[in-house]
Structures are given as C-alpha cells and as structure tokens.
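Notes for the one structure printed next.
The values are calculated or read from the model by the stated rules, or taken from the named source; none is laboratory data. As the structure is a prediction and not an experimental result, all values here were calculated from the model. All Cβ positions, even for glycine, are placed from backbone atoms using ideal geometry, and neighbour counts span all protein chains on display. Calculation scope for accessible area: heavy atoms of the full protein, side chains included, ligands and nucleic acids excluded. Shrake-Rupley method; radii C 1.70, N 1.55, O 1.52, S 1.80 Å.
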Amino acid sequence: MVKDSNENIPSVLKKQTNWKKLYFYQKADVVYQLSFVFCDRFIHLYKDRTRDQVIQAARSCKQNIVEGLADGVTSTEMQLKLLNVARASLKELKEDFEDYLKSRHLRFYSKGDSEYDTMLQYCRTHNELSDYEPFFQKWSGGQMCNYGITLCHMIDKMMMTFLEYLDREFVTEGGIKERMYRARTGYLQQQDERMKRLEVENLRLQQRISELESQLATALQANGKLQTAYDDLRQRAHNAYNKQKAEIEELKRKIEGR
C-alpha cells in the first residue's frame, strides 16, 4: 500500500547552528568580558571616550555572531553580512587594544618572547570564559591588551574560514528564494509521483477485484450445481423411502388377512 509521509518533504529552513559550540563565538565571549574588565580597571569612566567604544565593539562582535547565525536559518545573505559586521567590530576592537599599547609605550609581545609563546599556546588551547576569568583581575593593562589582540586575531581567522564555507554553500545551494523554489517544485514532484503510484496501485486493485468477482461467480455456480444434485438425491431418497413404506404396509395387510 502506498503511504503518505512528511519525512521526505523538502525543507526551506536551514538547520540552526549552535553558536555556543563554535570556538570563535566562545573566544568572542571571552574578548567581550575581558574588554569590559579591562575598561573598568584601566580606562577612566568619564575622561576617556575609548571606554564605551571598546565595550561596544566587543559587544557588537559577539552579538552579531549570534544574530547572524540565527538569521542563517532563513537567509544565508543576511548571515554573511552580519558575520562580516562582527569581523569589522572585532578589527575595531583590536585597533583599540593596539592604540592603548602604543599611546602608553607598552610592549607588544612578539615571536621569541617567552610571554608571547606562553600566551599563544594558551589562547590556542583555551576557549571558555572560565579559562580566562581568573586572570582578569591579575593581568596588567599591557597583558590584557596583548591577550585581547591575540584572541581577536584568532577569532578573525576562524570567522574567515567559516565565511568561506558559507560562501561556497551559498554558491552551490543558493539563498532562501532558491531553496523555496526547490522545496515547492520538489514537493509538487513528489505529489505527482505519488499520484502515479496510486493510479498504478488502483489499477492493480481493480484487476484483483475483477479476479475475485470471477472466482466468486464460479464458486456460486459450482455451489448451485451442488445444491441441485443434493435436492435431487434427497428427493430420490424420499421417494424410495415412501415406496418401501408402502410395500411394508401392504405386506402387513396380507399377513393379517391370512
């Protein structure tokens, strides 16, 4: 029997990405919290406008990652745009950290420095906020900036890899309108194929019904012949019984008349 099922109906919506499991989101969350504590400790609340800019840039990066990945359920185009906005905010934040070091004549960690190698290895292997939070009140302003710059660089690199993946996906699969068209035409094609299968199945059932009706007619005909033979045999037996009964009565009378 042909069954109707929704399991194979084409889908317009893309699967929601769990951004909390993405390393670049986890690191972006670290950068936001680091930026907030950094501003709270080292940038004056009223005398330096950089404070708000740093916090807003860090927040914009994290929030646009979330919004972009959420919008990706329906719009790859919007997802690409918002993730690139997140990258732009990240670069702005990285520039602010670099400006802080330059304006205060603080050291940039560079290759070969023991601090650089330790920092690079730690940032590569740690993604969760809980890995960094214990150091936020211990690091100097220079340390926080260097770690912030390194994390920004890593996030940007990972996001570019992700954007390249989305770019290839968009080229090969298209956007929401193309998915809607494919889903609709695919569904109609499925219904057309189902109708054809049902028509074939219906024809087979009609043939089977005809066969059964023919078999039933044959059986009824055979049953009618059996009924006629039975009635004839019954009548003959009844006639023989009556004849023998009459002979017996006749014999009795003869015997009684002697």
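Computed values, structure above
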item: Boolean, Glu77 is in contact (Cβ under 8 Å) with a residue 40 or more places away in the chain, open to solvent by 80 Å² or more (accessible area, probe 1.4 Å) and closer than 30 Å to Lys15 by Cβ; result: yes
item: Test: residue in the range 26-40 that is in a helix (DSSP H, G or I), touching a Cys at 6+ places or on another chain (Cβ under 8 Å), open to solvent by 30 Å² or more (accessible area, probe 1.4 Å) and closer than 22 Å to Leu163 by Cβ; result: yes
item: Among the candidates Lys111, Lys91, residue that is open to solvent by 30 Å² or more (accessible area, probe 1.4 Å), under 27 Å from Thr161 (Cα atoms) and without any contact (Cβ under 8 Å) to a residue 60 or more places away in the chain; result: Lys111
item: Residue list for the range 162-203, filter: surrounded by 11 or more Cβ atoms within 10 Å (Cβ to Cβ), at pLDDT 70 or above and under 27 Å from Tyr23 (Cβ atoms); result: Phe162, Leu163, Leu166, Asp167, Glu169, Phe170, Glu173
item: Every pair of residues 6+ apart whose Cβ atoms lie under 9 Å, when the first sits in the range 52-63 and is of a type outside the set (Gly, Ala, Ser) while the second is not in a helix (DSSP H, G or I); result: Val54/Ile43
item: Condition met for Leu106 (part of a helix (DSSP H, G or I), modelled with pLDDT of 95 or more and either buried (at least 16 other Cβ atoms within 10 Å of the Cβ) or not basic (Lys, Arg) (or both)); result: no
item: Test: residue in the range 120-136 that is of a type in the set (Ser, Thr, Tyr), more than 25 Å from Met160 (Cβ to Cβ) and surrounded by fewer than 21 Cβ atoms within 10 Å (Cβ to Cβ); result: yes
